[in-house]
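Contents: one structure, followed by commentary.
The values are calculated or read from the model by the stated rules, or taken from the named source; none is laboratory data. On a predicted model such as this, the values are computed, not experimentally measured, just so you know. Positions of Cβ are generated from backbone atoms using ideal geometry, with glycine treated the same way; all protein chains shown enter the neighbour counts.
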Amino acid sequence: MEKLILIKYGELTTKKGNRSVFIRLLVKNINALLKGMDYHIKYDRVRMYIESSNIDVITEKLKNVFGIHSIVNCYKVNTNVEEITSSVVDILKNISFKTFKIDTNRADKSFPIPSMEFSRMIGGAVLKNIPSKVDVHHPDLLVKIEIRSDATYIYTDEIKGLGGYPVGIQGTGLLMLSGGIDSPVAGYLALKRGIDLECLYFESPPHTSVEAKNKVIKLASIINSYSGNIKVNVVPFTKLQEAIYKNVPDSYIITIMRRMMYRIAERVVLKKHLKVIVNGESVGQVASQTLTSMMVINNVTNLPVIRPVACLDKLEIIDIAKKINTYETSILPYEDCCTIFLPKHPVINPVLEKCLEYEQTFDYETLIQECVDNIEVISNFEEKKSDLL
């Protein structure tokens, strides 16, 4: 009887002819995560198996991998009635329970005993050897037996995975990452749909602090635990932001600033051959996120823009932020570009023609190119942990 990890794919099984592409990328992502560890992976179209002497450690790591429906620590035995029966009894002798249920999945139809009949046989053996009762509705312990062509797999615990698609299956997007609550959650949800990420952060020293920058890098490092590939592109935004502040009416400062950010994001996407812009905008949450504002701001780019939290309310977003461990970092009191020059009464229904008029009052094209040309790229978050908040 051999103990190993069984992985169920979940949503990947809906991909029919493309399923193998998704599974191979999932294997690649797991290999990258487990680099340096002692393990061996085998897989087919419905299951993946990982053999290792570090099952508990690997199980914890797999909890952060998108594309996995569930993770099971199971026992592999030869497919014959006597060995399956004795193995189930031996496994259950080490578990405390009063009631149980046997659930057999006879995937290998050449096995001669039907699933329900076999479950009754194994249940009878358990009752003879362990003081207990059968409860098919609400058992203390559910014992699953998967009879497959290569072997039989027995398990009692199933850990829910993150689901979604393997990171990278959809290519890479550019996440506009601020220090707030919403954008890290948007990044997490984009990763779940298979979009790998680079991040774009706008810093404006001396108006924004080193602590604000480190806060964003720490948020990126947390999100990176679900990817492993994330970089942060830090945009020197001071000169452009000051030009906006000097030349644009107070109520339109945020609208024009967001239009400039989108222009910069578009250039970075095209320069790096990325696929999409991702951000944490939530409909109606602030002045720049009314539908009119989104339309006017989005007017500067033809690239697709994905807003994963667009239709979530703030409490729903906070719940996810707490689940992925970004919340406590996001609420640290360090201002970013979007808050330092925040007007008292920002326009909530901006007019496109006015934006075009205000933008003609200064040479934003030169300033944008200067921003793009001087981007600082940060990765290797593990090396920077001691410098972060």
**Request:** Considering every residue within segment 342-353, establish whether at least one is exposed (fewer than 13 other Cβ atoms within 10 Å of the Cβ), in contact with a Lys or Arg (Cβ under 9 Å, 6 or more places away or on another chain), modelled with pLDDT of 95 or more and of a type in the set (D, E).
**Result:** no
**Request:** May I ask you to list the residues in segment 236-255 that are within 14 Å of N349 (Cα to Cα) and within 31 Å of the chain's Cα centre (by Cα)?
**Result:** I254, T255
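Out of everything in segment 186-235 that is among the aliphatic types (A, V, I, L, M) and not in a helix (DSSP H, G or I), what residue ends up being surrounded by the fewest Cβ atoms within 10 Å (Cβ to Cβ)? Give the derivation first.
Quick first cut of segment 186-235, residues among the aliphatic types (A, V, I, L, M) only: 186, 189-191, 195, 197, 200, 210, 212, 216-217, 219-220, 222-223, 230, 232, 234-235.
When the remaining residues are screened for being not in a helix (DSSP H, G or I), the result is 195, 197, 200, 230, 232, 234-235.
Values: I195: 26, L197: 29, L200: 25, I230: 25, V232: 24, V234: 19, V235: 22.
By that ranking, first place goes to V234.
Loosely packed, with under 15 Cβ neighbours inside 10 Å and farther than 16 Å from L189 by Cα: is that true of P304 in this structure? Don't jump to the end; show me each part of the working.
Numbers: loosely packed, with under 15 Cβ neighbours inside 10 Å: yes; farther than 16 Å from L189 by Cα: yes.
Answer is yes for this residue.
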**Item:** Members of segment 171-206 that are touching a Leu at 6+ places or on another chain (Cβ under 7 Å) and among the polar types (S, T, N, Q)
**Value:** T172, S183
**Request:** Report yes if some residue within segment 248-256 is of a type in the set (D, E, K, R) and either under 30 Å from I320 (Cβ atoms) or without any contact (Cβ under 8 Å) to a residue 40 or more places away in the chain (or both); otherwise report no.
**Result:** no
**Prompt:** If Q360 satisfies every condition in (1) crowded, with 19+ Cβ neighbours inside 10 Å; (2) out of contact with any helix residue (DSSP H, G or I) (no Cβ under 7 Å at 6 or more places or on another chain) but one, which is the exception?
**Reply:** (1)
**Request:** State whether the residues of segment 7-16 include one that is touching a helix residue (DSSP H, G or I) at 6+ places or on another chain (Cβ under 7 Å), surrounded by fewer than 17 Cβ atoms within 10 Å (Cβ to Cβ) and in a helix (DSSP H, G or I).
**Result:** yes
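Within segment 182-215, work out how many residues are among the β-branched types (V, I, T) and at pLDDT below 95. Spell out how you get there, then give the answer.
Taking segment 182-215 first, the residues among the β-branched types (V, I, T) are 185, 195, 208, 210.
Subset that is at pLDDT below 95: 208, 210.
Qualifying residue count for the region: 2.
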**Message:** Out of the residues in segment 1-37 meeting the condition of being of a type in the set (V, I, T) and at pLDDT 90 or above, tell me which one is farthest from T59 (Cα to Cα).
**Reply:** V21
**Asked** For S251, are the conditions met, namely being assigned by TED's automatic domain parsing to the domain that holds H345, in contact with a Pro (Cβ under 7 Å, 6 or more places away or on another chain), polar (S, T, N, Q) and surrounded by fewer than 17 Cβ atoms within 10 Å (Cβ to Cβ)?
**Response** yes
**Request:** Would you point out the residue of segment 262-285, among those that are surrounded by fewer than 21 Cβ atoms within 10 Å (Cβ to Cβ) and modelled with pLDDT under 95, that is farthest from the chain's Cα centre (by Cα)?
**Result:** G284
**Candidate set: segment 325-338, residues that are surrounded by fewer than 20 Cβ atoms within 10 Å (Cβ to Cβ) and under 17 Å from the mean Cα position of the chain (by Cα); chosen: the one nearest to A212 (Cα to Cα)** = Y327
